[in-house]
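The values are calculated or read from the model by the stated rules, or taken from the named source; none is laboratory data. Just so you know, these numbers come straight off a predicted model, no measurement behind them. Positions of Cβ are generated from backbone atoms using ideal geometry, with glycine treated the same way; all protein chains shown enter the neighbour counts.
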Amino acid sequence: AQTVTQSQPEMSVQEAETVTLSCTYDTSESDYYLFWYKQPPSRQMILVIRQEAYKQQNATENRFSVNFQKAAKSFSLKISDSQLGDAAMYFCAYRSSNSNSGYALNFGKGTSLLVTP
Amino acid sequence: ETGVTQSPTHLIKTRGQQVTLRCSSQSGHNTVSWYQQALGQGPQFIFQYYREEENGRGNFPPRFSGLQFPNYSSELNVNALELDDSALYLCASSFERSSGNTIYFGEGSWLTVV
């Protein structure tokens, strides 16, 4: 089974600053998808950004961007111009392209992001 | 709002009892997955249903079972509840069972087993 590791249990950033959340994963597959999900106190998982492994270009969604290093199996999330509403748990997730997995999402343990005024 | 709704929001059960959690998927979505999220952990995949059949299962015992109905809504049933079953149970839906499709989550059902 693929393992997703988030080595930062907690991170803190000042409003308007930039923060990077780390994620590494272990897989022997060449085709897969990677995701960052945000989970605010309401507990609903919200998709932040996704990356297809076959694409070399890093995904970007407004203030959110990723640094995808396939050879290093690294997938970090950069949040620019941080806002108070960005405070939440952030989960990195891996999804295999192999149908035998049921296309399950494998999540890391999460990083709690605190945004200070 | 993702259009995925779950019920009940919170419930308390006694060890040994059975529980049923319900999920209505987003309109047009025929694939439903269930995840268990223990406190302080990431969600763990329980199983997935596609067009009323289970087509993927995580490392959970058989006392975790499910159903998907013709309208693609779903139920998660847990028998012989144990204290460790206390968790947030998340339902997620997507259109077709493709790895590239976006998965939308509901707000979850909080289960406490005492």
Region B:60-98, residues that are more than 16 Å from B:Q44 (Cα to Cα), out of contact with any Gly (no Cβ under 7 Å at 6 or more places or on another chain) and crowded, with 18+ Cβ neighbours inside 10 Å: B:Q68, B:Y72, B:S94, B:R97
Residue in region B:48-58 that is at the interface with chain A (Cβ under 8 Å from one of its Cβ atoms) and surrounded by 21 or more Cβ atoms within 10 Å (Cβ to Cβ) present: yes
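Under the condition of being assigned to a strand (DSSP E or B) and closer than 14 Å to A:P9 by Cα, which residue from region A:77-91 is farthest from the other protein chains (Cβ to nearest Cβ)? Step through it out loud before you land on a result.
Initial filter on region A:77-91 (assigned to a strand (DSSP E or B)): A:77-79, A:88-91.
Narrowing the set further to residues that are closer than 14 Å to A:P9 by Cα leaves A:88-91.
Numbers: A:A88: 13, A:M89: 9, A:Y90: 10, A:F91: 5 Å.
Of everything passing the filter in region A:77-91, A:A88 is farthest from the other protein chains (Cβ to nearest Cβ).
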Criterion violated by B:P62 - all others in (1) free of Cβ contacts under 8 Å to residues at least 60 places away in the same chain; (2) of a type outside the set (S, T, Y); (3) closer than 21 Å to B:W110 by Cβ; (4) out of contact with any helix residue (DSSP H, G or I) (no Cβ under 9 Å at 6 or more places or on another chain) satisfied: (3)
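Does B:Y35 satisfy being facing another protein chain (nearest Cβ under 10 Å) and not in a loop (DSSP other than H, G, I, E, B)?
Yes, satisfied.
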Which numbered condition A:T5 fails, given (1) under 23 Å from B:S33 (Cα atoms); (2) surrounded by 15 or more Cβ atoms within 10 Å (Cβ to Cβ): (2)
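Starting from residues that are among the basic types (K, R) and part of a loop (DSSP other than H, G, I, E, B), keep the ones in region A:44-64 and report whichever is nearest to A:D31 (Cα to Cα).
Initial filter on region A:44-64 (among the basic types (K, R)): A:50, A:55, A:63.
Those left that are additionally part of a loop (DSSP other than H, G, I, E, B): A:55, A:63.
On the way: A:K55: 10, A:R63: 26 Å.
Restricting to residues being among the basic types (K, R) and part of a loop (DSSP other than H, G, I, E, B), the top hit is A:K55.
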Qualifying residues in region A:92-105 (those that are within 7 Å of chain B (Cβ to nearest Cβ) and in a strand (DSSP E or B)) - the one modelled with the lowest pLDDT: A:S96
